[in-house]
Amino acid sequence: MIILGQTAWSNPEFICNYRIAPRKPGIYVIFGRMHGRIPVGDTGDTDGRVGPNWPQNARPLYVGMSESSPSGIRARIYSHYRGRGNRGIKRRREKRIPLWFSYMAIDPNESYESAIRLKKMESLLLATMKFPLNIRPESNRAAIKLNKLVLLDLEREGKKPHYYDPRDG
């Protein structure tokens, strides 16, 4: 299964290894450990909701998205590593609680189609899993962005949305 142009989630890495993350757009998840001393690791298994190689013994804490190519996922994870991305992650870092990340990158050259897949994947994750550190209504924000992209696509094709009222101009 290919999701977002990548065949699987990346192997989980400690957040201090943010340089491993690509400078590409994509989705990333920051994890804590679910059970005691059992290591967080890749499984090669497929979670039907979120795709192949979902990390084992990983408690998802935060899902994020980078839409920019020059800095990409790496910059977002680096921001979290420095304590500037999310207060909950910052508190865990200050308490020296181990955190990991995993990502799915997209090809920035695919632009529009990739952006839609990216937003769909983020919406899928938010709809099927709990991310306790996502404090903003990310799903609402993602839905609004997706709606704008669909409207732009329809406009490019010279079509009107199904709820179009000609009296609106």
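The numbers here are math on the coordinates, done by the rules we state, and not lab data. The structure displayed is predicted, hence computed values, not measured ones. We place every Cβ from the backbone using ideal geometry, glycine too, and count neighbours over all the protein chains shown.
Some notes on this structure:
- Sequence of Lys160, Lys24, Lys130 once ranked by neighbouring C-beta atoms within 10 Å, starting from the fewest: Lys130, Lys160, Lys24
- Links that overshoot a 24 Å alpha carbon limit, given the list Lys120/Lys160; Lys130/Lys160; Lys120/Lys159; Lys24/Lys120: Lys130/Lys160
- Long-range amide H partners of Leu61 with built H, under 5 Å: Ile30, Phe31, Gly32
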